[in-house]
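Trainee: The structure that follows is given in the form of structure tokens.
The values are calculated or read from the model by the stated rules, or taken from the named source; none is laboratory data. Please read these numbers as outputs of a predicted model, since none were measured by experiment. Here the Cβ positions follow ideal geometry from the backbone for every residue, glycine too, while neighbour counts run over all protein chains shown. Please note that ligands, DNA and RNA were not included when accessible areas were found on the heavy atoms of the full protein model with its side chains. Shrake-Rupley method; radii C 1.70, N 1.55, O 1.52, S 1.80 Å.
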Amino acid sequence: MSSGKNLRIALVQMQVGSDKKVNLKHAEDLIRATVAKNKPDLVCLPEFFNAPYETHLFATYAETIPDGETCKFLSTLAKELKVQLVGGSIPEKDGKNLYNTCTFWSAKGELLSKHRKVHLFDVDIPNIVTYKESAALSYGKHLSYADVTSGVKAGFGICFDIQFPEMWIKYREIGCNLMIIPSAFPLKYGDLWWELYLRARAVDTQSFVTMISPARDVNGNYVAHGYTMMIDPFGKVIASAKEGEEVVVIDLDFSLVEKARKEVKLFEMRRPDLFELTVKSGQTF
């Protein structure tokens with residue numbers, strides 16, 4: 001583990017197919033190779049890294065957390081490799097409800113945080129894209145965050161969550177300086193909004209912000225944008241993948257967060273006498 005406020009992070013933009021076991025084995029191979037070569041402190045997988053991103057299949061692939069097949073895989077691998085893992089997201093089964101859920105695992109294989117997607121993506125544009133997550137999934141009700149290492153606290157979201165700035169501003173208020181968002185962003189809007197939202201949330205919160213996408217598969221029923229990206233606290237793109245499968249490894253220096261927040265004292269100049277944000281249901285972990 002890196003000391004102080006430096007963190008080496010690996011962002012895994014992987015191809016995802018229809019066979020869960022093949023997807024898990026592929027993720028394992030990529031993680032093992034990355035850890036052996038780059039020795040990251042934290043490895044992040046994309047949204048729905050173990051299953052196709054298709055609403056009618058969510059129930060088929062859904063698992064319980066933390067005792068399902070994918071969680072056991074993530075826990076075991078994190079412990080063996082002594083690396084922290086953000087398990088992208090998976091379809092989670094909890095009683096009669098299904099969720100789109102991101103898990104965060106310690107280097108000892110412990111589940112440290114679980115984020116259920118708060119904002120579900122419902123869109124109907126005739127002859128272009130029709131997608132209704134709420135037809136298959138339940139809404140998450142909590143913000144989720146965890147300490148990654150000394151001086152680094154991560155706030156978690158999934159894909160559409162990034163488009164709601166109040167969520168990320170609240171993360172900043174509770175001390176987060178790294179925002180992690182597994183995201184199978186639709187190709188239709190990727191060129192327009194992907195980098196825009198990432199840079200906006202980085203500037204809003206003066207934090208490092210990343211979205212981790214599956215690799216683009218133009219033959220799939222749902223085509224993700226790709227372009228896994230890391231933005232610094234000043235809103236600068238400091239690392240980016242392309243469309244295909246790729247692992248991006250980058251060293252983050254969190255003194256840059258301190259520098260950004262000292263140069264422009266954004267949160268000290270806010271007007272709590274006029275408005276404030278209140279979380280009504282607390283955090284998951």
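Trainee: Which entries of LYS21/LYS242; LYS72/LYS117; LYS21/LYS72; LYS153/LYS280; LYS5/LYS265 have Cα-Cα distances beyond 23 Å here?
Mentor: Exceeds cut-off: LYS21/LYS242.
Trainee: Between rounded, prolate and oblate, where does region 214-285 land on the alpha carbon gyration tensor, with a ≥ b ≥ c its root eigenvalues, rounded for a/c under 1.5, else prolate if a/b exceeds b/c?
Mentor: Cα axes put region 214-285 in the oblate bin.
Trainee: Compare the peptides 114-120, 206-212 by average per-residue count of other Cβ atoms within 10 angstrom and give them in order, highest first.
Mentor: Packing order, densest peptide first, comes out as 206-212, 114-120.
Trainee: Next up: What is the distance, in nm, between label points placed 7 Å from the Cα along the Cα-to-Cβ direction at GLU268 and at TYR222?
Mentor: 4.4
Trainee: Continuing with this model, one more query. With springs only between Cα atoms under 10 Å apart, run a GNM on the chain and tell me which of SER134, SER213, SER183 wobbles the most.
Mentor: SER134
Trainee: Under the 0.36 nm per residue contour assumption, what length would be gained going from the current alpha-carbon distance of HIS56 and GLU276 to full extension?
Mentor: Contour length minus the Cα-Cα distance gives 75.3 nm.
Trainee: Moving on. In 10 Å bins starting at 0, how do the alpha-carbon pair distances of region 150-200 split up by percent?
Mentor: Calculated P(r), rounded to whole percents: 24, 52, 20, 3.
Trainee: Relative to a virtual label point 7 Å from the Cα of LYS236 in the Cα→beta-carbon direction, which members of region 251-272 show backbone nitrogen distances below 17 Å?
Mentor: Inside the label zone: 251-264.
Trainee: Sorting check: for 271-281, 32-42, which peptide has the highest mean count of neighbouring beta carbons within 10 Å, and how do the rest follow?
Mentor: Per-residue mean Cβ counts within 10 Å order the peptides as 32-42, 271-281.
Trainee: Helix by helix through the chain, keep the DSSP H runs that span 24 Å or more along the axis on Cα and average at least -1.0 on Kyte-Doolittle, and give those back in order.
Mentor: Helices meeting the criterion: 20-38, 187-205.
Trainee: Considering only the chain, what is the antiparallel percent among its DSSP beta bridges, to the nearest 5? Please report the intermediate quantities before stating the final value.
Mentor: Working: 36 of 52 bridges.
So the antiparallel bridges amount to about 70 percent of the total.
Trainee: Something else about it: So what's the back-of-envelope 222 nm ellipticity for the chain, counting only DSSP H runs of four-plus at -39500 (n - 2.57) apiece and dividing by all residues, rounded to 500?
Mentor: My calculation for the chain gives -8000 deg cm²/dmol from helical runs alone.
Trainee: Using only protein heavy atoms and a 1.4 Å probe, report how much of CYS71 is accessible, in Å² to the nearest 10.
Mentor: Solvent-accessible area, nearest 10 Å²: 0 Å².
Trainee: Using a 1.4 angstrom probe and counting only protein chains, how large is the accessible area of ASP217 in Å², to 10?
Mentor: Here the residue's solvent-accessible area equals roughly 60 Å².
Trainee: Rounded if a/c is under 1.5, else prolate if a/b is larger than b/c, else oblate: which is region 65-106, with a ≥ b ≥ c the root eigenvalues of its Cα gyration tensor?
Mentor: prolate
Trainee: How big is D for the chain, in µm² s⁻¹ as a whole number, if Stokes-Einstein is applied with the Kirkwood radius of its Cα pairs at 37 °C and 0.692 mPa s?
Mentor: 175
Trainee: Exactly which trypsin sites (Lys or Arg not before Pro) in region 164-239 are in a DSSP loop and have at most 14 other Cβ atoms within 10 Å?
Mentor: Passing both the DSSP loop test and the Cβ count: LYS236.
Trainee: Moving to a separate point now. With every protein chain present, what accessible area does ILE125 have (1.4 Å probe, heavy atoms only), rounded to the nearest 10 Å²?
Mentor: 50
Trainee: Between ASP19 and GLN163, what is the spin-label point distance in nm, taking each point 7 Å from the Cα along the Cα→C-beta axis?
Mentor: Rounded to a tenth, the inter-label distance reads 3.5 nm.
Trainee: Protein chains only, probe 1.4 Å: how do PHE73, PHE185 rank by accessible area, largest first? Present the calculation step by step, with values, prior to reporting the outcome.
Mentor: Values: PHE73 35, PHE185 5 Å².
The ordering from most to least exposed comes out as PHE73, PHE185.
Trainee: Separate question: Sort 152-163, 53-64, 221-232, 254-265 for me by packing, meaning the mean count of neighbouring Cβ atoms within 10 Å per residue, highest on top.
Mentor: Those peptides, ordered most packed to least, come out 152-163, 221-232, 53-64, 254-265.
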